[in-house]
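The values are calculated or read from the model by the stated rules, or taken from the named source; none is laboratory data. The shown structure was predicted, so the numbers you read here are calculated from the model rather than taken from an experiment. Note that each Cβ is placed from the backbone with ideal geometry, even for glycine, and that neighbours are counted across all protein chains shown. Just the protein is used for accessible areas: all its heavy atoms, side chains included, with ligands, DNA and RNA removed. Shrake-Rupley method; radii C 1.70, N 1.55, O 1.52, S 1.80 Å.
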Amino acid sequence: MVIIALRRINVIKIRTENSTALSHVVIYGDSICFDYITPFNLFYLPWLSYVLVIILIVLGGVIALWGVKEFREAKTTVNPLKPESSSSLVNSGIYQYTRNPMYLGLLLALLSSVAYTQQPLGLVSALGFVLYMNRFQIEPEEKMLTTLFGDEFVEYTNRVKRWF
């Protein structure tokens with residue numbers, strides 16, 4: 001959300017295709033800042049937050065790395081900055097369940113910060129991440145993949161959800 005606001009008022013200019021990691025860091029930071037600004041300890045259970053954090057980070061890592069593995073096996077690019085260099089449409093493994101496992105892994109890591117702080121406002125950051133990624137990363141990638149793979153990609157998008 002911060003990056004979108006800054007982009008609109010032209011305080012900083014970030015090339016859209018290079019901002020995926022930066023947007024994740026900024027939004028992750030927002031989630032942590034919410035906890036410092038408005039502590040929320042109504043239901044704070046430290047042991048639960050630690051267990052949930054570990055589960056979310058491990059699950060996010062497994063999902064993201066599984067996506068990378070599938071791309072490597074298909075000998076296509078893993079680089080989200082160059083979807084035009086994709087050599088094949090990967091629709092096996094984790095890609096049978098989600099079209100964006102690497103971004104889903106990042107979302108789960110972001111949700112781990114919400115679990116750690118148990119700050120409900122952190123969910124706003126997670127929503128901001130999803131909206132930002134949909135608009136500025138996934139939609140341009142999907143347009144390029146539609147151009148490259150045509151009906152095969154369209155059929156794939158009809159069968160498999162974007163996130164989960």
**Asked** Is one or more of the residues making up segment 96-119 part of a loop (DSSP other than H, G, I, E, B), under 20 Å from Trp163 (Cβ atoms) and without any contact (Cβ under 8 Å) to a residue 24 or more places away in the chain?
**Response** no
**Fill in**
Checked segment 71-88 for anything surrounded by 17 or more Cβ atoms within 10 Å (Cβ to Cβ) and among the hydrophobic types (A, V, I, L, M, F, W, C); matches are Phe71, Ala74
**Message:** Let me confirm something: among Val68, Val51, which residue is assigned to a helix (DSSP H, G or I) and either modelled with pLDDT of 95 or more or open to solvent by less than 50 Å² (accessible area, probe 1.4 Å) (or both)?
**Reply:** Val68
**Message:** With the structure loaded, tell me whether Thr157 is touching a helix residue (DSSP H, G or I) at 6+ places or on another chain (Cβ under 6 Å), β-branched (Val, Ile, Thr) and surrounded by fewer than 19 Cβ atoms within 10 Å (Cβ to Cβ) or whether it fails that test.
**Reply:** no
**Meets criteria (more than 16 Å from the chain's Cα centre (by Cα) and surrounded by 20 or more Cβ atoms within 10 Å (Cβ to Cβ)) for Leu145** = yes
**Fill in**
Matching residues in segment 64-106 (of a type outside the set (Asp, Glu) and closer than 14 Å to Leu148 by Cβ) number 12
**Item:** Output for segment 79-95, where each listed residue is in contact (Cβ under 8 Å) with a residue 12 or more places away in the chain and either of a type in the set (Phe, Trp, Tyr) or part of a loop (DSSP other than H, G, I, E, B) (or both)
**Value:** Pro80, Leu81, Ser86, Ser87, Ser88, Leu89, Val90, Asn91, Ser92, Tyr95
**Request:** Filter segment 126-144 down to residues that are in contact with a Leu (Cβ under 7 Å, 6 or more places away or on another chain) and touching a residue at least 40 places away in the same chain (Cβ under 8 Å) and give me whichever is nearest to Val53 (Cα to Cα).
**Result:** Ala126
**Fill in**
Checked pairs for segment 59-78, first farther than 15 Å from Tyr103 by Cβ and touching a residue at least 12 places away in the same chain (Cβ under 8 Å), second of a type in the set (Lys, Arg) and open to solvent by 80 Å² or more (accessible area, probe 1.4 Å), C-beta under 8 Å and 6 or more apart or across chains, list as none
